[in-house]
Amino acid sequence: MTRKYDSVTRYERLREAVGNADVDRRTFFSLLGSAGITAGLSGGIMTTMATQARAAGTELHFEGWGGVVSEALRKNAFDPYEAETGNKVVDATFGGENEVLTKVKAAGSTDGHNILHSSGITWYKRWVDNGYHVTLNEANIPNLANVMPAMIDPFRKITPDGLSAVPYDYGTTGIAYNTEHVSKEKAMELGANLLLDSELKGKIGGWGGDWANRAWYGALQSGQDPNNIQDWDAVWDKAREHRDLVLKYWSSGAELMDLLAKGEIYVTEAWSGRVAALQAQGHPIAYMDPPNGLAWMETMFVLKGSPMEEAEALLNFMLDPETAIAVAVGQKYPPSLDPTKVDMPTEVANLPAFDPTGKLEGLVFRDPAAWNPHEKEQGKQWNRVQKGG
């Protein structure tokens, strides 16, 4: 324990020297090596044992959402981590976590699956309920101290003995629309019902990979509280109405952006950060969150059987303010870091859904107690509706 504390102290002193321009980065990493420390861009502290792991070149398999999100993680997190640790992050894209869960169950093993860019509380509970979680050693993730309590607390309630993931970012699933074909006045007037505008038939899209997303919007369109649905038939009637107007259901964030950028669709529910990325590229795409629109948190979830010290080091690296902010700017989603503890640049403060208070009180999240018990039955119902039933 003492040796680890001494390493941390030496690291912080070296890091301060870099910040003061007293030591350049090349000298910094040389000194880290001579001190027996392996570090991330501004964190990711590991002991000499991790230095030995570096020589072995441990592989960590990461699965995420693709597109600008994966690009931001690769550029700002994975590449620097690999360069500074000798470990390798093998990243892959999924259209939804159901794909991964199905593969894991079919294989009877989590081999080849280590860290997931996971969809918040409901999926956290699902992985835990299936027995695929771990208990992280939070002492190896000191940057966790900078994460908003409002993001950590819901996960601690599910696994009070310890976290299996670290909250990483948040955003909303609102409605994107092409301003050359849909006016702001019309969008604001119709809200969630813009997705049911018959005048836009054949120019409407939707996310087909998640039954709960379709049900959330069906609840809004049928005048129900999504976290207290009383009439599921009404929900799926609205989903059918939407289905008959849709050109295509997109299956990934990259496909969502492509459809909007090329003008193949004019309206769709969309992830806030993907729309911000399109706007930054100059596309005429606006975004709105309808009343009771869906907010979400994402985590970096570590699956059972993963190399724990290496995974914890990567998580700590990713939560370092310098790294987390760079990823947030790249992927256009606010980081999980508490803005009352960590200064956020303008590029982050201007992102959709950003909460300067760090309390997230103005956002509506999916309640796992209201949604997870319906997954099997209502998930099958959505499959039937999507296929024309």
Over region 356-368, the set of residues without any contact (Cβ under 8 Å) to a residue 24 or more places away in the chain and either closer than 20 Å to VAL275 by Cβ or open to solvent by less than 40 Å² (accessible area, probe 1.4 Å) (or both) is GLY362
Q) Would region 300-315 turn up any residue that is more than 26 Å from ARG126 (Cα to Cα) and touching a Leu at 6+ places or on another chain (Cβ under 7 Å)? A) no
(message) Looking at region 316-333, can you tell me whether even one residue there is part of a loop (DSSP other than H, G, I, E, B), among the charged types (D, E, K, R) and modelled with pLDDT under 95?
(response) yes
| said: Within region 276-288, does at least one residue satisfy the condition of being more than 20 Å from the chain's Cα centre (by Cα), over 26 Å from ASN130 (Cβ atoms) and surrounded by 20 or more Cβ atoms within 10 Å (Cβ to Cβ)? | reply: yes
Note: among GLU241, GLU264, GLU309, just one is among the acidic types (Asp, Glu) and either modelled with pLDDT under 95 or under 30 Å from ILE158 (Cβ atoms) (or both), namely GLU309
Exactly one of GLU361, GLU375 is of a type in the set (Asp, Glu) and part of a loop (DSSP other than H, G, I, E, B), and that one is GLU361
Note on region 160-189: residues touching a Phe, Trp or Tyr at 6+ places or on another chain (Cβ under 8 Å) and of a type in the set (S, T, N, Q) are SER164, THR172, THR173, ASN178
Here the qualifying pairs (Cβ atoms under 9 Å; residues six or more apart or on different chains; first in region 216-237 and touching a residue at least 24 places away in the same chain (Cβ under 8 Å); second of a type in the set (Asp, Glu) and buried (at least 22 other Cβ atoms within 10 Å of the Cβ)) come out as TRP216/GLU269; TYR217/GLU269
Expected single match for part of a strand (DSSP E or B) and crowded, with 16+ Cβ neighbours inside 10 Å among GLY218, GLY273, GLY205 is GLY205
GLU312 meets each of (1) in a helix (DSSP H, G or I); (2) at positive phi with one exception, condition (2)
Across (1) part of a loop (DSSP other than H, G, I, E, B); (2) in contact with a Lys or Arg (Cβ under 9 Å, 6 or more places away or on another chain); (3) open to solvent by 10 Å² or more (accessible area, probe 1.4 Å); (4) not basic (Lys, Arg), ASN292 clears everything bar (2)
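The values are calculated or read from the model by the stated rules, or taken from the named source; none is laboratory data. Keep in mind the model is a prediction, meaning the values are calculated, not measured. All Cβ positions, even for glycine, are placed from backbone atoms using ideal geometry, and neighbour counts span all protein chains on display. Only protein heavy atoms, including side chains, enter the accessible area calculation; ligands, DNA and RNA are left aside. Shrake-Rupley method; radii C 1.70, N 1.55, O 1.52, S 1.80 Å.
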